[in-house]
1. In nm, to one decimal, how far is the modelled label at LEU81 from the one at ASP43, with both set 7 Å along Cα→Cβ?
2. Work out the P(r) tail for the stretch 3-81: percent of alpha carbon pairs separated by more than 15 Å, whole number.
3. Students often check this: by mean Cβ neighbours within 10 Å, which of 19-29, 140-150 ranks highest, and how do the rest follow?
4. Normalised by the residues of the stretch 3-81, what does the relative contact order come to in percent, with Cα pairs under 8 Å and at least six apart?
5. Give me the net charge of LEU182's neighbourhood, meaning all other residues with Cβ under 14 Å from the Cβ of LEU182; Lys, Arg count +1, Asp, Glu -1.
6. Under the 0.36 nm per residue contour assumption, what length would be gained going from the current alpha-carbon distance of ASP51 and LYS224 to full extension?
7. What order do TYR211, TYR78 take when sorted by accessible area (1.4 Å probe), most exposed first?
8. Could you check what % of the DSSP bridge pairs in the stretch 91-266 are antiparallel, to the nearest 5?
Amino acid sequence: MTHLQAGLSPETIEKARLELNENPDILHQDIQQVRDMIITRPDIGFLRTDDAFILRFLRARKFHQTEAFRLLAQYFQYRQLNLDMFKNFKADDPGIKRALTDGFPGVLENRDHCGRKILLLFAANWDQSRNSFIDILRAILLSLEVLIEDQELQINGFILIIDWSNFSFKQASKLTPSILKLAIEGLQDSFPARFGGVHFVNQPWYIHALYTLIKPFLKDKTRKRIFLHGNNLNSLHQLIHPECLPSEFGGTLPPYDMGTWARTLLGPDYSDENEYTHTSYNAMHVKHASSNLEREASPKPMKRSQSVVEPGTLKHEDHGESENTQPLLALD
């Protein structure tokens, strides 16, 4: 085992060998071959080219060196073309901080049965007077940058669940083709992560219509891993075990605390007393961070969007079969 695989479990190393074609005996040669291609793109400023950084691009493209380099080039080109998005690209940037505080994204502490990290988006919590779509995208990209430092996640990947409950037509109208294209370019084409699935639940008809808008921006292979479950949580549970999910999705875990991931990134800068804090499904019992210690807090009223789903809307037993569980999008 090379030092680049230090800290990985034997099971994960074997998974990388079987699924990603990762060979520790030639790992450094693979990395160097990608690095040698940099001279072919003098138009791009490759701001980081160390072994560990290049390795995540090889893993994202199953050690196909040409594809790994193309992804590496697109990563930096996307940042060059969207300089404003990456100005002050850190958690305490006001726009990113607001998005994180409002739960964009949510990140579950536990991983799924395949070792993948689960990200959550509660779409109805998007207050468009408070958070721009760009700032939400920046918060998601920053979160992925932090998470992808974990080698286990470079190999196992991510799952994204988007709950569209009470997401209004007015909110959806703000999802223009241009900003959807920007998001797809940032996630599908320019980020070294393996997305094992993107799951829509409780999506209204106009979210289906959005697929028509984004279809021209998708690669052929990318139409396999968006799953439209509608109100059928049984189909979701066939792919993600209930033991890995909070109760909002019919899981056995407690309701998701919207401040969990924000506290992780913001540390002492996070405050549960923010003047505006969303909470979904009346998840009023939140954990407060005090230094490195957590304590249980008593329930307290929190400002919430009028569009947030009322408790009981997503009872597991209420979900019938849905005809919209076909996969649409892969971000791999």
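The values are calculated or read from the model by the stated rules, or taken from the named source; none is laboratory data. Computed from a prediction, not measured in an experiment: that's the story for all the values here. Counting neighbours? That spans all protein chains shown, and the Cβs are built from the backbone with ideal geometry, glycine included. With ligands, DNA and RNA removed, areas are computed over all heavy atoms of the protein, side chains included. Shrake-Rupley method; radii C 1.70, N 1.55, O 1.52, S 1.80 Å.
1. So the two model labels end up 1.0 nm from each other.
2. Cα-Cα pairs of the stretch 3-81 separated by over 15 Å account for 54 percent.
3. Highest mean packing first, the order is 140-150, 19-29.
4. In percent, rounded to a whole number, it is 33.
5. My count for the surroundings of LEU182 gives 0.
6. 59.1 nm
7. Of TYR211, TYR78, the descending order of accessible area is TYR211, TYR78.
8. 10 percent
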